[in-house]
Amino acid sequence: MARWCALNQQWTIWFLVFLLHGVLSTPGPCEVETGQSSIIVDIEESRGDQLNQSTVPATLPIVGEPDVDVVLSTVFPKGPTLFQLDGKRLQLLQPLDRDADNLSHMVFQLVCQVKSTKKRRTIPVIVRVSDINDNAPIFQGTPYETSVSELVPLGTTIFDRIRATDIDAGVNGLAEYFIVPGDNKTVEASNAVDGYGYFAIPIPHQGQVTVNRSLDYERTQKYLVTIVASDRARDTKRRMSSTATLTVNVQDDDDQDPSFIYKGCSSHEGACINPEYSSYVNSGVLAGILTIEPEKIQAVDMDTLNARIKYSIESGQPDSWSTYFDIDENTGAVRQLLPVDTSIAKKYQLVIKAEEISEAKRFTTAKLTITVRPVDASPPVISATSDEGRVEENSPKGTKIIGSDNQNIRFSVSDPDLGPGDPIPKYTYELTTNFFDIDKEGYLIVNDEHLDRDPPNSGHLRFQIVAREANGGAASAPFSVVVYLLDQNDNAPVIPKTQPVNVPASLEPAPVYKVEATDIDEGENARITYSIYHVSNNGGNKFTIEPSTGVISSTGRLQAGEQYSVTVRATDSKGLSSQGIIELMVAPGPNTRPPQFSSRDYYAPVSEGAAINSTVTTVTAKDPENEPVTYSIVSGNDLRQFAIGSNTGIITVIRRLDREVLTRYQLMVRAEDPGRLSTTATVNIKVTDINDNNPKFDEDIYTFHVKEGASGEQVGYVHATDIDEGVNALVSYSVPNNVPFAIDNTTGLITTNTQLDYEETKEYAFVVTATDGAIDKRLGTASVTVLVDDVSDEPPIFSQPLYSVHVPENVPNYPVIKVHAEDPDSVPEITYTILKGDTDLFSIDRKSGMIRTLRPLDREMIARHELIVGTEENNGQDKGATTTVEIIVDDKNDNAPVFTSAIRPVTIEDTSSIGSLVETVVALDADATPPNNRIRYALVGRGKASIYFHVEPDTGVIRLRDDLRKETDSEYTVDVQAYDEGDPVMSSVTSLTVYVSHSATVPPDVRLGFADTTYTEHVAENSPNGTLVRILPIWNKSKHSRDTPLKCLLTDSSQKGVFYVKLTEDRDCAIYLNASIDYEALMEYSLEVQLESIQGLINPESSKAVINVHVTDVNDNPPVFVFNEQSSIAAAKGKYFAIATKDMPLGTNVLQVTAKDKDSGDFGKVEYRKNSWTKVAEEYFTLDKETGVISNIKTFENVPKEVLPFKFNVMARDNPKSEDYKTARASVVINLLQKDNQLILEVPDLNLNAMSALKARNLLVDIEGKSGLYAGLEKLTPKLYLGENGTLESDLNGTDVWLYLLDPNSGQILTRESQPVKKAIDAGVHVQAPLVPAEPPRRTHIAAAPLTTALPAALLALAALVLVAATAATVYICASWNRYKKHKEQALQQQYGTLSLSMAPPRPPSGYESSEDDPAPRYETQVLNMAVDDADLQLDFSPNNHAFNIHNVQYLSKDNGERSPTISETATTARASSVNENGGTLNNMTNYDNAVRNTQTLNRRTHNSHPLNNAIGTLPRVNNNNIGHGLLATTLGRKINGNNHKKKTTQPIMAYDEIPGLQRATDNENVTFGKRNFTGYSYDQSPVETTTEL
């Protein structure tokens, strides 16, 4: 128990100690909760401007509640305040950047005060700033670039300086490197290849770049490697990176074999594959250097190292090749060593080896075939199975020609020189035509599928054939062949267009007209059969045609006034056909005399103030047949000032007149009867004046000058004009009374009337008035300003008494000095003059005082000049009246040194020692002062003299400076220059001739000479200057020292300007091209090269060699278009202009373009192609690619105006069988020629035979020069003029040049009425419209019987006809009267209204829709067109009118030709036509505002308020447009729709039931709608014109 108690006490003590320790260790206010003496917190740096990041821990571990227990504050002893307290939280005041500021931590003081005890405590706070990944690595040392050999092994490090730094900390600042694909645009812009894949970085953190794939310089010379540097942040999404580019330049190395190269070889990557060469030698002939085809043997190093190439013959067949052939190891030239005969071998096959001179010794081989030709004593002979053949026209390409033996023509070639076993050469055939060719088997075939036998082409083709060896060898004699073209029925008959035919009225059948069609085929193919296809106006049964002759005959009666359009079809034996329209007009009865005016000339005055519609005068004319006369103004009324009553002849004023614009009018007035016979009279109208214009001064403001101090001084003239006449134009002048001036009231002269004082008044301004002389005076005014000029009265004075100046000599017109005098006057006037001095050398500007030299001064003649200068205004001797000018002449280096004596030639030996004296020259200089007269000497010129001689600069001693035995020259010209040391340097040159005596002797077998004396070489014409033509080897050169003088020269017989020759390093003569050569100018050159050396060293027999240089043609000339009719207008040059006509048949040759090429063979052959052809051009034209002929494939009858003119381009291309071609382009402009475009230029003194196309073109060039327009030639005809009876007559002594004019810029053809043509005529272009024959009087054709026998019978027949007609008319009038009365009674019981008809309403062809079930009918009739006045068109349907009844209208059925039921066979046909001004269709008016025009209707009545009321008493109409202006247009019962007439009409044209008593007809096809076309003169047409046909 005691033990337990003791143990219990022990535990109690320990528990009390523990409780005491807990009480004593609890922190109090302002103490750190952790018990430490400082506080440590962590915070991240800011991302950008971030301020809201919190610390760790989030609150400061301080005991006590802020602002309750304790008060907290911060103290930043160093630097700015970065935090503020929010309770126990730290709030950032500005962003933290750990990297830029190197801010890893910061320290500040936390001040804590216990509120209860006021005790303070300061606690250090350490804020550790942790890094975030906010910086990307930055590459150092950029840009990166390295070079590497293309043979570098894979894995080799090529660049190890890639380095990027990152200012972040830890892993955020560690960089890794990667290669990524590059930007395509950047790579392409640098002309490089992306290095991705070709290079690698095997260790990312080291940045060493290695080769990953094989490199090839020939493929790629530069790579761009895109490298990315990325940091290693733990959060991969927040890793940052940057890029840099490493440029890797690949260097070439020796990895390519050499390659033979020549034009046209099969190549791969620039190297020829399996190269083959060929050459030939003639049997028994030593050729020397062989000519190699296709080019000379040449190999190049495919690397850029350009290693030298060594040539050798590696092997050959047969084995004896080495005996006969060798190759130059440096040039590759193959030489024949010995002559070879065909008995030894006919061909040698050699293997040529080209080896680089390098360590690798890379090589390649080529095959050379040398053919041994037999002796060519005879040319080839060509033979054929037949020399005559035949083929059908239009045969396709490849068709064989059949000979006279009915077998295909075949050609063969033989050569007498060829023996058994000799290789047969290949032959090519050359034909003088492109229409035929010879195929590979030797057959003659068609080469052009457009063979045409028909005119104007010839029916046969004759040409020649030559056979030539393919290698350009001998050619056969020409073989002539003729091929006859067999006709095919490929052309339809053509019926020519004809003018309308006047047919006499007849009762019996009679021939009317003969149709003559043409067919350019021949034989049976041209047999033509005629038939009538259609006759208008239901006249199908009135005419027949004879099938074989084409004679059209009438079948019965033809009445006067009838018109028919007969469509005739012409058909050949194959069925090809064409149609033509013959217009037949039945002539009316006799009408022989035109109306006659009462006077040929009328005179009438009219005041310019005459009122509108006032009468000027009246003209009268009477028709001999008492026909009604219609008046019209034909000409002279261009301004539309006057009008004439068509029935009365009263001429009235319709526009205001102005005499000042035009004082006289001359009108030509026509009087015309119904038969269109007319006569004219002249009306002369004089416009009288009224005072309607004010006087007008020539100027609105006049400015005059007058000197002061004079009275009556003339000031100036004013002038005014009045464009009135007589007293109305008399002008008088006046000025205000308060000015000191007077004016002559007649002349307008202004003078002063008192003395003016400049100092008092310097300027006057007033108004001058001009009045005319009329009673009611009119006036005009102008402003006048008079400026008073001051008068000078003070003499000028020089302020400077002496001028001294230096002037260089030899300078003309040199400004010496400007002297100055002062004039006290307000307007200074000073005139300078030289009073004393040499005026031949000096002059002075009289106004400015500038003194100049008149001639160059000479310092050596006079060194000083003195001038006395004064003024003309001051003649006194006072001080300042004159001034002195001292002129000192400065010396110039103006004299060149002159040699004192002529130098004679000297002779020296070639063994003379160096430094020995040759000659001494002396020169003197005439200048006055040094250094201008100090002389030195020098050698000049580019010859060899400066090598072997020199001159001492100060003494002029000439000495030898080198061994003369080095050169072969025996004569030297030493040019010595003496020059002074002035500025500029002056010099002169003298020449010393030095003769050198040479001598040398060597054995003949070691003398120098050419290896051969004759060479042949080929050079392309486009070879550049400096091209090596040939190297001429020199024998025995190795047996002489390289110091032995040797020279190659072209003799005088050679073309030195084109070629030059020089000595090579191997001491051979090389010939080079020195100028451009042209195959077209000269095809062959002959050169002679001469070898020169020391006398005795040259073999005279081989000292010269002749080289024949053949120029080979290349395609270096483009085609050039030929313009036979080149215009003088700049805008029209280089263009083809042509015309087409509406009646031009298909396939017509509209234009032929021609281009020429100067090249030869295929290079010069030209083919034509379309270029920039529009859809319209393709639609209308085709182009023959061989001939350049442009023809039409579509007629021009309905060409839209907006597509005219046709514009397109044609391209000419040469060498059509190759891709190596050149082109040229030309513009083509084709216009449509119509009658209003035609112009005529009369040449009265030159007949048609003497007028050539060239002379006509010269006339057109003259027109172009005056008009500025392009003039085109249409045709040439004999000169035409109007005969006495108005018919066209021909004058064979003259010529009419038919032409047309175009706008050269737009290409648009111009009409005669266009403004440019009128302007050209005004400018003196003497062209006119074609003459138009007068319309012949219509006469009745009478049978060709004698007048004495036919006249009585004709009179009896006429009397009988009148009797029958009168009886029929009487019966007809009575019947019509009874029927009309009956219908009138019925009409009184009915009301007017519109009733429907059972028939479908006819419609015009445009303006209404139609369908297959309800087509729009055509309207046809036989009519006589006549313009009718409003008053004349009031057809009366009242009972009083017995001459006309609506039932008398006769309708002709177009289906069966039968007449509709009418009362009489002689019924009258009425026709009314109305057309709106917009040129279109019936009632298709678009301008409803002008609906009420001069509309003429049948039985026209005054408009009522409702349109339907206007139908009373007329042919009724229906109007669906509620337009308040009256009827829209003139119609015959036509319904007018307002919706563009798109809706089908449902109302009849004529509502006959609306008119009482009228009987309905079955059809109304006689109603025709058309616009009357008046020609002959212009007039104001009414928008609506009405014609009546009776």
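Within the set Val974, Val922, the sole residue that is open to solvent by 60 Å² or more (accessible area, probe 1.4 Å), closer than 16 Å to Thr990 by Cβ and among the β-branched types (Val, Ile, Thr) turns out to be Val922. With respect to the stated conditions, Thr746 fails to be out of contact with any strand residue (DSSP E or B) (no Cβ under 6 Å at 6 or more places or on another chain), open to solvent by 50 Å² or more (accessible area, probe 1.4 Å) and under 27 Å from Val827 (Cα atoms). Restrict the check to region 976-987 and report whether at least one residue is assigned to a loop (DSSP other than H, G, I, E, B), under 30 Å from Thr900 (Cα atoms) and touching a Lys or Arg at 6+ places or on another chain (Cβ under 7 Å). Yes: one or more hits. In region 706-725, the residues that are in contact (Cβ under 8 Å) with a residue 40 or more places away in the chain and open to solvent by 50 Å² or more (accessible area, probe 1.4 Å) form Cβ pairs under 7 Å with partners that are in a loop (DSSP other than H, G, I, E, B) and of a type in the set (A, V, I, L, M, F, W, C), at six or more places apart or across chains, as follows: Lys707/Val791. The number of residues in region 541-569 being more than 20 Å from Arg527 (Cβ to Cβ), hydrophobic (A, V, I, L, M, F, W, C) and open to solvent by less than 30 Å² (accessible area, probe 1.4 Å) comes to 3.
The residue pairs whose first member lies in region 611-634 and is part of a loop (DSSP other than H, G, I, E, B), whose second member is among the acidic types (Asp, Glu), and whose beta carbons are closer than 8 Å, counting only pairs six or more residues apart or on different chains, are Asp623/Asp673; Glu625/Asp673; Glu627/Asp673; Pro628/Asp673; Val629/Asp623; Val629/Glu672; Val629/Asp673. Within the set of pairs 6 or more residues apart or between chains, which connect a residue that is under 17 Å from Lys1133 (Cβ atoms) and of a type outside the set (Phe, Trp, Tyr) inside region 1255-1266 to a residue that is modelled with pLDDT under 85 and open to solvent by less than 60 Å² (accessible area, probe 1.4 Å) with Cβ atoms less than 6 Å apart? Matching pairs, first to second residue: Val1261/Ser1128; Glu1264/Ser1128; Glu1264/Ile1129. Scanning region 192-229 for residues that are under 21 Å from Asp253 (Cα atoms), loosely packed, with under 13 Cβ neighbours inside 10 Å and not hydroxyl-bearing (Ser, Thr, Tyr), we see that the one that is farthest from the chain's Cα centre (by Cα) is Arg213.
Within region 128-153, the residues that satisfy the criterion of being part of a strand (DSSP E or B), open to solvent by less than 60 Å² (accessible area, probe 1.4 Å) and at pLDDT 90 or above are Phe139, Tyr144, Thr146, Val148.
Being open to solvent by 40 Å² or more (accessible area, probe 1.4 Å) and of a type outside the set (Phe, Trp, Tyr) narrows it down to one of Gly1161, Gly1188, Gly1096, so name that one. Going through Gly1161, Gly1188, Gly1096 in turn, just one is open to solvent by 40 Å² or more (accessible area, probe 1.4 Å) and of a type outside the set (Phe, Trp, Tyr): Gly1161. Among the strands (runs of 3 or more DSSP E) confined to region 424-470, the ones with at least 2 residues that are within 19 Å of Ser480 (Cα to Cα) and of a type in the set (D, E, K, R) are located at 460-469. Just for region 695-705: of the residues that are in a strand (DSSP E or B) and open to solvent by 70 Å² or more (accessible area, probe 1.4 Å), which one is farthest from Tyr758 (Cα to Cα)? Per the stated criteria, the residue is Lys696. Number of residues in region 31-78 that are polar (S, T, N, Q) and farther than 16 Å from Leu110 by Cβ: the value is 5.
The set of residues in region 807-844 being among the acidic types (Asp, Glu) and open to solvent by less than 70 Å² (accessible area, probe 1.4 Å) consists of Glu809, Asp823, Asp825, Asp838. Look at (1) outside any strand (DSSP E or B); (2) at pLDDT below 90; (3) not hydrophobic (A, V, I, L, M, F, W, C) and you find that Glu1092 fails only one, number (1). Only one entry in Thr617, Thr592, Thr648 is surrounded by 15 or more Cβ atoms within 10 Å (Cβ to Cβ) and either under 28 Å from Thr679 (Cα atoms) or at pLDDT 90 or above (or both), namely Thr617. Among residues of region 371-388 being surrounded by fewer than 17 Cβ atoms within 10 Å (Cβ to Cβ) and part of a loop (DSSP other than H, G, I, E, B), the one that is modelled with the highest pLDDT is Asp387.
Here Ser279, Ser358, Ser322 are screened, and the one residue that is open to solvent by less than 70 Å² (accessible area, probe 1.4 Å) and either in a strand (DSSP E or B) or of a type in the set (Phe, Trp, Tyr) (or both) is Ser279.
Taken over region 343-372, the criterion of being among the aliphatic types (A, V, I, L, M) and closer than 13 Å to Pro258 by Cα is satisfied by Ile352, Ala354, Ile357, Ala360, Ala366. In the set (1) surrounded by 17 or more Cβ atoms within 10 Å (Cβ to Cβ); (2) outside any strand (DSSP E or B), the condition left unmet by Val606 is number (2). Across region 527-541, the number of residues qualifying as of a type outside the set (Phe, Trp, Tyr) and either closer than 13 Å to Ile582 by Cβ or at pLDDT 90 or above (or both) comes to 9. The conditions of being closer than 30 Å to Pro416 by Cβ and polar (S, T, N, Q) are met by Ser476. Taking (1) within 23 Å of Val494 (Cβ to Cβ); (2) out of contact with any His (no Cβ under 6 Å at 6 or more places or on another chain) in turn, Thr567 satisfies each apart from (2).
The residue that is nearest to Glu886 (Cα to Cα), among those in region 779-797 that are of a type outside the set (S, T, N, Q) and modelled with pLDDT of 90 or more, is Leu787. Considering only residues in region 175-189 that are open to solvent by 40 Å² or more (accessible area, probe 1.4 Å) and not acidic (Asp, Glu), the one that is nearest to Thr165 (Cα to Cα) turns out to be Phe178.
The values are calculated or read from the model by the stated rules, or taken from the named source; none is laboratory data. Since this is a predicted model, take the numbers as computed values, not measurements. Methodologically, a virtual Cβ is constructed for each residue, glycine included, from the backbone with ideal geometry; neighbour enumeration extends over all protein chains shown. Only protein heavy atoms, including side chains, enter the accessible area calculation; ligands, DNA and RNA are left aside. Shrake-Rupley method; radii C 1.70, N 1.55, O 1.52, S 1.80 Å.
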